[in-house]
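Engineer: Take a look at this one; I'll ask things after.
Each value in this text was obtained by applying a stated rule to the coordinates, not by laboratory testing. Being a predicted model, the structure only gives us computed values, none of them experimental. Note: ideal-geometry Cβ built from the backbone for every residue, glycine included; neighbour counts use all protein chains shown.
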Amino acid sequence: MKNILITGGAGFIGSHVVRLFVNKYKDYNIVNLDNLTYAGNLANLRDIENSGNYTFIKGDITNGDFIQQLFTERNFDGVIHLAAESHVDRSISNPMEFIMTNIVGTVNLLNASLSSWKSNCEGKRFYHISTDEVYGSLGAEGKFIESTPYDPRSPYSASKASSDHLVRAYNHTFGLPVVISNCSNNYGPYQFPEKLIPLFIHNIRNMKPLPVYGKGENIRDWLYVEDHAQAIDLLFHKGTIGETYNIGGNNEWKNIDLIIKLCEIMDQKLNRQPGESAKLITYVKDRAGHDLRYAIDASKIKGELGWEPTVKFTEGFESTVEWYLNNENWLNAVTSGEYQNYYEKQYVSR
Ligand code: NAD
Ligand code: TYD
């Protein structure tokens, strides 16, 4: 049996990765370490929580002593590190949590991996999950490649860039066997409704305004979350040590076009008159430092490992909308309590 640590497994992408690994690798013990912040939710993993090869541990990656002790006790063979503060808007209102979790938390995991593996790194792997946002913002042309210079522009992307640099430094300086991937925007089930797509589904369902930042002209490259999980599986097992891989959907959408498409689907699903949901579109003050465009060139992972997205956007998008509409209880549970305070603070004054 291999012992694999997945951090942040109760979050959006992490829960899809945990589910894939628990179901696919019966000879792995999967330990999901998650502090269950507002974004972590064990309801995301109900279907696999009783699997014999799965253990959940509640814990904070910013606590270095705890992390060291966990690695001593568990003897991990591999780490897939997803735990992070992940929302740009929150990083603007509270950068320090991003510094602590994304930077200090990552270093704690690097230190613990190093001390646990120092006698023999053979077959071990520290896989760090990162974002395309570290590369900065594109103009109308071009795409990010793995050697694009880092130019992070929000506290979120700066904290992720810093963690990427540290992961690389531990490889170069100490020989820690690492792999890094930088992925574009994910969409799909179990995403916390502070991010664009689930937030707007929730608001349309409840006939609430859709707060479009600026003119809605920013562009994102959207990838279905299960395609990301497949890429993570591949890179964890077959990615070259010390290398970075870009992952993307080859699927760029201007925000306002995506929102109009979403409104059309919601009109159909909710039996509304065509155009009814789009009336909720409300242009609000732009996000500070809002990056204009992200786009990924994913030819390296395709060329080396044959990965490419399998889910067509039209299908993935519609099934995502259906999932949120069919899982009202999940949506209602995560948008009660603290969420209301967040929403007031984030949107009422815009
Ligand atoms: P998320 O916010 O949905 O989940 C993050 C998880 O980390 C939560 O379960 C949370 O409880 C946990 N966590 C936060 N702080 C912690 C701490 N101190 N100790 C232990 N656990 C902690 O995030 P996500 O969207 O699933 O993103 C996962 C990873 O993928 C992140 O590293 C993010 O930077 C990266 N990423 C996300 C996207 C995207 O579109 N969502 C795209 C590219 C890369
Ligand atoms: P988001 O889902 O927060 O992801 P990211 O900022 O990491 O790309 O936002 C996606 C895009 O949607 C981004 O350009 C900001 C925009 N946006 C809005 O216009 N209104 C909103 O309420 C939110 C949350 C995002």
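Engineer: For Asn23 and Ala288 in one chain, what is 0.36 nm times their gap in residues minus the Cα-Cα distance, to one decimal in nm?
Structural biologist: Numbers: separation 265, 0.36 × 265 = 95.40 nm, distance 4.14 nm.
Separation in residues times 0.36 nm, less the Cα-Cα distance, equals 91.3 nm.
Engineer: Okay, next question. For Glu322 paired with Ile145, estimate the spin-label separation in nm (one decimal), with each label point 7 Å from Cα along the Cα-to-Cβ line.
Structural biologist: Placing both labels 7 Å along Cα→Cβ, they lie 4.0 nm apart.
Engineer: Please give the length that would be gained between Tyr38 and Lys215 if that part of the chain were fully extended, namely 0.36 nm times their separation in residues minus their C-alpha to C-alpha distance (nm, one decimal). Walk me through the intermediate numbers first.
Structural biologist: Values: separation 177, 0.36 × 177 = 63.72 nm, distance 2.93 nm.
Extra length from Tyr38 to Lys215 when fully extended: 60.8 nm.
Engineer: Continuing with this model, one more query. Once label points are set 7 Å from the Cα along Cα→Cβ at both Met1 and Ala169, what is their separation, rounded to one decimal in nm?
Structural biologist: About 3.7 nm, to one decimal.
Engineer: Among His172, His237, which comes first, second and so on when ranked by fewest other beta-carbon atoms within 10 Å? Numbers along the way, then the final one.
Structural biologist: Numbers: His172 10, His237 13.
Going from least to most buried by this count: His172, His237.
Engineer: To the nearest 0.05, what FRET efficiency results for Thr55 and Asn341 with a Förster distance of 22 Å applied to their C-beta separation? Display every interim value, and only then the final one.
Structural biologist: Working: r = 33 Å, r/R0 = 1.48.
Result of the calculation: an efficiency of 0.10.
Engineer: Then there's this: Multiply the residue gap between Lys208 and Arg350 by 0.36 nm, knock off their C-alpha separation, and tell me the result in nm, one decimal place.
Structural biologist: Numbers: separation 142, 0.36 × 142 = 51.12 nm, distance 1.48 nm.
In short, 49.6 nm is gained.
Engineer: What is the order of Cys183, Cys263, Cys121, fewest Cβ neighbours within 10 Å to most? The partial results should precede the final answer.
Structural biologist: Numbers: Cys183 25, Cys263 22, Cys121 17.
Neighbour counts put them in this order, fewest first: Cys121, Cys263, Cys183.
Engineer: Something else about it: What does the net charge come to around Phe66 if you take all other residues with beta carbon closer than 11 Å to its beta carbon, with K and R at +1 and D and E at -1? Let's see the in-between values first.
Structural biologist: Details: positive: Lys58; negative: Asp60, Asp65, Glu73.
The answer is -2.
Engineer: Hey, another quick one. R0 = 45 Å: FRET efficiency of Asn271 with Asn120, Cβ-based, nearest 0.05? Intermediate results must be reported in sequence, preceding the final value.
Structural biologist: On the way: r = 62 Å, r/R0 = 1.37.
It comes to 0.15.
Engineer: Give, as a single signed number, the net charge of other residues whose beta carbon lies under 14 Å from the beta carbon of Leu36, with Lys and Arg counted +1 and Asp and Glu -1. Could the numbers behind the result be given before it?
Structural biologist: Values: positive: Lys58; negative: Asp34, Glu49, Asp60, Glu85, Glu338.
It works out to a net charge of -4.
Engineer: A further question follows. I'd like to compare 128-138, 93-103: which one has the highest average count of other Cβ atoms within 10 Å, and what's the full order after that?
Structural biologist: Details: 128-138: 23.3, 93-103: 17.8.
Descending mean neighbour count gives 128-138, 93-103.
Engineer: A further question on this structure: How do the peptides 279-287, 208-216, 188-196 rank, highest first, by the average count of neighbouring beta carbon atoms within 10 Å per residue? Provide the component values of the computation, followed by the final result.
Structural biologist: Values: 279-287: 14.4, 208-216: 16.4, 188-196: 21.4.
Result, highest mean first: 188-196, 208-216, 279-287.
Engineer: What does the charge count around Lys124 come to, taking other residues whose C-beta lies under 12 Å from its C-beta (Lys +1, Arg +1, Asp -1, Glu -1)?
Structural biologist: Working: positive: Lys2, Lys118, Arg125; negative: Asp77, Glu122.
Its environment carries a net charge of +1.
Engineer: How many percent of the alpha carbon pairs in the chain exceed a separation of 28 Å?
Structural biologist: 41
Engineer: Taking neighbour counts of Cβ atoms within 10 Å as a proxy for exposure, in what order, fewest first, do Tyr38, Tyr54 appear? Can you show the working numbers first?
Structural biologist: Working: Tyr38 15, Tyr54 21.
The most exposed by this proxy come first: Tyr38, Tyr54.
Engineer: State the three equivalent ellipsoid semi-axes of the range 1-140, derived from the C-alpha gyration tensor as the square roots of 5 times its eigenvalues, in descending order and whole Å.
Structural biologist: Numbers: eigenvalues 120, 71, 45 Å².
They are 24, 19, 15 Å, listed from largest to smallest.
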